[in-house]
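Worksheet: one structure, shown below.
Readers should treat all values here as calculations from the given coordinates under stated rules, not as data from a laboratory. Source: prediction; values computed, not measured. As a convention, Cβ positions derive from the backbone with ideal geometry for all residues, glycine included, and neighbour counts pool all protein chains shown.
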Amino acid sequence: MIYELDDTYKFPYLISEADEEFMLKNELREISGLSYFNDHSLLCVNDEKGTIYKFSLKKKEITKKYKFDRSGDYEGVEVVGDQVFVLRSDGNVFAVDHMRDEDILSVKNNTQLNAGNNTEGLGYDSKSNSLLIACKGNPGIDEKFEGKRAIYKYSLDSNILSDFPAFLVDQERIREILDFNGYTNFAITLLESINPSEGDVTFQPSGVAMHPITNNLYVIGSVGKLLIVLSPEGEMLAVVKLRRSMFRQPEGICFTPDGTMFISNEGKGSVATICRFNYNQ
C-alpha cells in the first residue's frame with residue numbers, strides 16, 4: 001500500500017514486485033547496510049564484523065572483502081568519492097581510505113551521537129557534503145524531540161554534527177496516515193511503557209538514502225515495515241507499507257546514479273536478500 005500525500009508527487013517504483021532479487025550467502029545473512037560502488041558492484045556491511053564486502057551484481061556474489069576494524073555493531077556504509085564511511089550503532093563513523101589498495105587505512109570519528117541514539121542509517125547529501133545519520137533510538141542529544149525520529153547531518157568539511165536534526169519524522173502523522181485503530185495505538189503505547197529504551201514502534205529508521213535525481217530522502221524502517229519519502233525541505237511525500245513476505249527485515253537502501261533503487265533484507269531465519277527496483281520517471 002502506497003500513501004501519496006502530495007497531489008504533485010507519484011512514488012516512482014513498483015515496490016510490490018522487485019525487478020531482480022539477489023540471494024545472499026550466509027556471510028551476509030546479517031546484512032545491515034549497502035551503498036552504490038560502481039555500475040557493477042555494491043558495498044555491504046553486516047552488524048557483526050568490521051568488514052566491508054564488495055558484492056558483484058553480475059556474478060551475484062561477494063568478490064572482495066576489506067577488513068577495516070574489529071567486530072562491532074556496524075549498521076551503515078556509504079561511498080563518497082574515494083572514501084568509504086561506515087556507521088556503528090554507537091554513533092561513531094569510520095572513514096576508510098585506500099579501498100582500491102591492499103593497505104587500508106581506517107580512522108574513527110566521534111559524531112556526538114551515542115548508543116542511546118542507536119544510529120542505524122547512513123546516507124550522503126552531496127549539496128552540503130554531509131553524511132546523513134538516522135537514529136533508530138533517541139532522536140535528540142540535548143533535546144528530546146518526543147514523538148519524532150531524527151536524521152542528522154555530519155559535515156565532511158568540518159567533521160561536525162549539526163546541532164539540530166536536518167530531518168524529523170513525525171510518528172503521530174504516520175499513525176494518522178495509516179489510520180491506526182484504537183487497539184493498535186494502545187498496543188504501541190503499551191510496548192513503549194514496557195520497554196522505554198525501544199521507544200515508539202510505529203517507525204524506527206534502519207536505512208537512509210538521498211535520491212540522486214529528485215534529492216528526495218528515502219528512509220526505510222525494519223520496525224514498522226515502512227518506507228518514508230521526504231522532500232528536500234522535510235515535507236512527508238509518501239508512506240509506503242512494505243510487504244513482509246518480501247521485506248522480512250529491511251535494513252539498507254541505496255540508489256545508482258540513474259535512480260535504480262536497492263533494498264537489503266537481513267535473513268531473519270531465512271536467506272538474506274538484495275532487491276532491485278527500476279526507476280519509473
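So if R0 is 41 Å, what FRET efficiency would Phe164 and Met246 give, r being the distance between their Cβ atoms, rounded to the nearest 0.05? Plugging the Cβ-Cβ distance into 1/(1 + (r/R0)^6) gives 0.70. At 0.36 nm per residue, and after removing the present C-alpha to C-alpha distance, how many nm does the segment from Glu21 to Asn129 gain when stretched out fully? Full extension of this stretch gives 35.7 nm more.
Given only helices, namely DSSP H runs of n ≥ 4 each adding -39500 (n - 2.57), what is the per-residue ellipticity at 222 nm of the chain, to the nearest 500 deg cm²/dmol? -2000 deg cm²/dmol, from helical runs alone. What is the sum of charges around Glu48, taking Lys and Arg as +1, Asp and Glu as -1, for the other residues whose C-beta is under 14 Å from the C-beta of Glu48? Computed value for this residue: -2.
In this structure the amide hydrogen of Ala238, modeled in the peptide plane, comes within under 5 Å of the amide hydrogens of Leu5, Val229, none closer than 5 places in sequence on its chain. Compared with the direct C-alpha span, the chain from Asp179 to Asp103 gains 22.1 nm at full extension, assuming 0.36 nm per residue.
Across Lys59, Lys67, Lys25, mean-square fluctuation computed from a Gaussian network of the chain (C-alpha pairs under 10 Å connected) peaks at Lys59. Around the amide H of Val223, modelled in the peptide plane, lie the amide H atoms of Gln204, all under 5 Å away and 5 or more residues distant in sequence or on another chain. Placing unit charges on the Cβ atoms of the charged side chains and taking the dipole of segment 233-280 about its Cα centre, the candidate lying farthest along the positive direction among Met236, Ile263, Tyr279 is Ile263. Using a Gaussian network model on the chain with a 10 Å cutoff between Cα atoms, which of Val86, Val77, Val239 fluctuates the most? Ranking Val86, Val77, Val239 by mean-square fluctuation puts Val239 first. Among the trypsin sites (Lys or Arg not before Pro) in segment 234-280, those placed in a DSSP loop whose Cβ has at most 14 other Cβ atoms within 10 Å are Arg243, Arg244, Lys268.
Quick one: longest stretch of the chain between exposed loop GluC sites (Glu not before Pro), exposed meaning at most 14 other C-beta atoms within 10 Å and loop per DSSP? With GluC sites (Glu not before Pro) excluded where exposed in loops, the chain gives 49-101 as its longest stretch.
Taking every alpha-carbon pair in the chain and binning the separations at 10 Å intervals from zero gives 7, 32, 38, 20, 3, 0 percent. For segment 2-277, the dipole from Cβ point charges (+1 on Lys and Arg, -1 on Asp and Glu) about the Cα centre works out to 860 debye, to the nearest 20. Across the cross-link table entries Lys25/Lys59; Lys25/Lys49; Lys10/Lys241; Lys60/Lys225; Lys25/Lys58, which are compared at the Cα atoms, the separations over 18 Å belong to Lys60/Lys225.
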